[in-house]
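Below: one structure, written as structure tokens.
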Amino acid sequence: MVSSLKSALIVYHSSTGNTQKVAYAIKDGLEAGGLQVDLKKPQEAVEVDFYGYDLVCVGSPSIEWQPAKPMVDLLKAKLNLYRSQGKIKPCAPKLAGKNALVFCTYSGTHTGIDEATPAGKTMRQYFEHFGFNILGEWYVPSEFHGREDMSTQGRLGDIKGKPTADELGKIKKDAQQIAKSL
Ligand SMILES: Cc1cc2nc3c(=O)[nH]c(=O)nc-3n(C[C@H](O)[C@H](O)[C@H](O)COP(=O)(O)O)c2cc1C
């Protein structure tokens with residue numbers, strides 16, 4: 001019998017470890033839900049075809065309310081490639097079986113979630129252009145490493161230690177649900 005195991009790609013950038021923790025929680029959840037998962041940094045995903053997967057999860061910290069540069073560079077390169085292949089179409093029709101999940105870690109010190117949503121929406125826009133169905137846009141409050149005041153004096157209050165093990169457990173469960181829904 002031919003295996004019909006569905007597959008997922010997780011591409012994430014992380015400088016101080018928060019987004020990496022979320023990426024691994026998502027990986028654990030997707031695998032628990034029966035998916036075969038590849039996990040890559042943006043620099044490792046240059047030759048990877050997003051259309052080769054049932055689900056692509058893309059994650060970045062919010063850096064000056066945008067995705068981190070390695071992620072933007074990757075997504076721009078993919079947009080240019082897919083455009084040259086005629087895959088970017090007017091009205092961005094949705095492709096059956098092509099799904100995306102966006103996740104963004106942020107500290108929200110100055111303006112709360114408002115300084116994270118532009119980063120998430122930017123990543124989402126690429127996948128909408130690619131014709132993927134967006135299954136979620138997850139924003140995860142996370143410690144600002146190396147600056148105590150940025151983790152205690154901001155709009156989100158005391159965010160030291162975030163994301164916590166409990167929060168990562170919830171992310172894992174939610175990812176498992178997504179895997180089962182595919
Ligand atoms: C240079 C820099 C800029 C940042 N800009 C923002 C921002 O605009 N909005 C925000 O909520 N957090 C901002 N942060 C906090 C990070 O998004 C947050 O700590 C994130 O979880 C770090 O992810 P990482 O550990 O995966 O690198 C910034 C952090 C740095 C170092």
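Laboratory data are not the source of any read-out in this text; all were calculated from the coordinates shown. Note that the structure is a prediction, hence the values are computed from the model and not measured. Cβ sites come from the backbone with ideal geometry, for glycine too, and all protein chains shown count toward neighbours.
Between GLN36 and residues 5 or more places away or on another chain, which pairs have amide H atoms under 5 Å apart, with H built 1.01 Å from N, and which residues are they? Residues meeting the criterion, in which the H sits 1.01 Å from N, are LYS6, SER7, ALA8. Extending 7 Å from Cα along the Cβ direction at ASP158 and again at LYS69 yields two label points whose distance is 3.6 nm. Note on LYS94/HIS145: beta-carbon distance plugged into 1/(1 + (r/R0)^6) with R0 of 45 Å gives a FRET efficiency of 0.75.
For the chain, the longest principal axis of the alpha carbon atoms and the long axis of helix 69-84 meet at an angle near 20°. Normalising the Debye intensity of the chain to I(0), with uniform scatterers on Cα atoms only, and taking log10 at q = 0.10, 0.12 Å⁻¹ returns -0.38, -0.55.
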